[in-house]
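Structure first, then comments.
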Amino acid sequence: MEEQFFHSDNYINQILREVKNIALVGASSNPEKDSYKVMKFLLENNYEVYPVNPNEKGNRILDQYCYGDLHSIDVPIDMVEIFRKREEVLAITKEAVNIGSKVIWTQLGIIDEEASEMAKSKGLKVVMNRCPKIELQK
């Protein structure tokens, strides 16, 4: 299973070079949370980040308007970064496919084979069990 989710540095770097607009699902306004730290880092590295969290909808996180779901974002999204439990990844992946995202990315420790296969079958690139902040710092 793990072998299926090995990603070469070239694959990761190409994605991080190509994407501009990132929807961060599971965004938090709590500076102690990893999703907040990653979002801050991505913003500092010139990505456009659109926080998504139904509990924070309408609030601002790092001065960015927070959306309740992916469909509410009115710009094309290149990558959906998922900061949610594995049980929620498939539904979020389906939503990512529906909005035309090119990439889904799940955080460290999160692997969903069904979501990965479905996304790949629809032409999306998939990164699971990795952190974009860590990858960008390499």
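Residue-by-condition table, conditions (1) in contact with a helix residue (DSSP H, G or I) (Cβ under 9 Å, 6 or more places away or on another chain); (2) at pLDDT 95 or above; (3) surrounded by 22 or more Cβ atoms within 10 Å (Cβ to Cβ); (4) under 20 Å from ASN129 (Cβ atoms):
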residue: LYS20; (1), (2), (3), (4): no, yes, no, no
residue: VAL25; (1), (2), (3), (4): yes, yes, yes, yes
residue: SER29; (1), (2), (3), (4): yes, yes, no, no
residue: LYS37; (1), (2), (3), (4): yes, yes, no, yes
residue: PHE41; (1), (2), (3), (4): yes, yes, no, yes
residue: VAL80; (1), (2), (3), (4): yes, yes, yes, yes
residue: VAL89; (1), (2), (3), (4): yes, yes, yes, yes
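Each row is one residue, and each column tells you yes or no for (1) in contact with a Phe, Trp or Tyr (Cβ under 7 Å, 6 or more places away or on another chain); (2) on the phi < 0 side of the Ramachandran plot; (3) of a type in the set (Gly, Ala, Ser).
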site: ARG60; (1), (2), (3): no, yes, no
site: GLY68; (1), (2), (3): no, yes, yes
site: ILE73; (1), (2), (3): yes, yes, no
site: GLU88; (1), (2), (3): no, yes, no
site: ASP112; (1), (2), (3): no, yes, no
site: LYS125; (1), (2), (3): no, yes, no
site: MET128; (1), (2), (3): yes, yes, no
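Of the residues making up the stretch 25-40, one or more are touching a Lys or Arg at 6+ places or on another chain (Cβ under 6 Å) and more than 23 Å from GLU117 (Cβ to Cβ).
Could you tell me whether VAL97 is under 23 Å from GLN14 (Cα atoms) and modelled with pLDDT of 95 or more? Outline the logic, then answer.
Numbers: under 23 Å from GLN14 (Cα atoms): yes; modelled with pLDDT of 95 or more: yes.
Answer is yes for this residue.
Which residue is farthest from LYS33 (Cα to Cα), if the candidates are limited to the stretch 116-138 and must be crowded, with 20+ Cβ neighbours inside 10 Å and among the small types (Gly, Ala, Ser)? Filtering first and then ranking leaves ALA119.
What are the residues in the stretch 49-71 that are surrounded by 13 or more Cβ atoms within 10 Å (Cβ to Cβ) and over 12 Å from the mean Cα position of the chain (by Cα), if any? ASN53, GLU56, LYS57, ASN59, ILE61, LEU62, GLN64, TYR65, CYS66, TYR67, GLY68, ASP69, listed by residue number.
The values are calculated or read from the model by the stated rules, or taken from the named source; none is laboratory data. Keep in mind the model is a prediction, meaning the values are calculated, not measured. Positions of Cβ are generated from backbone atoms using ideal geometry, with glycine treated the same way; all protein chains shown enter the neighbour counts.
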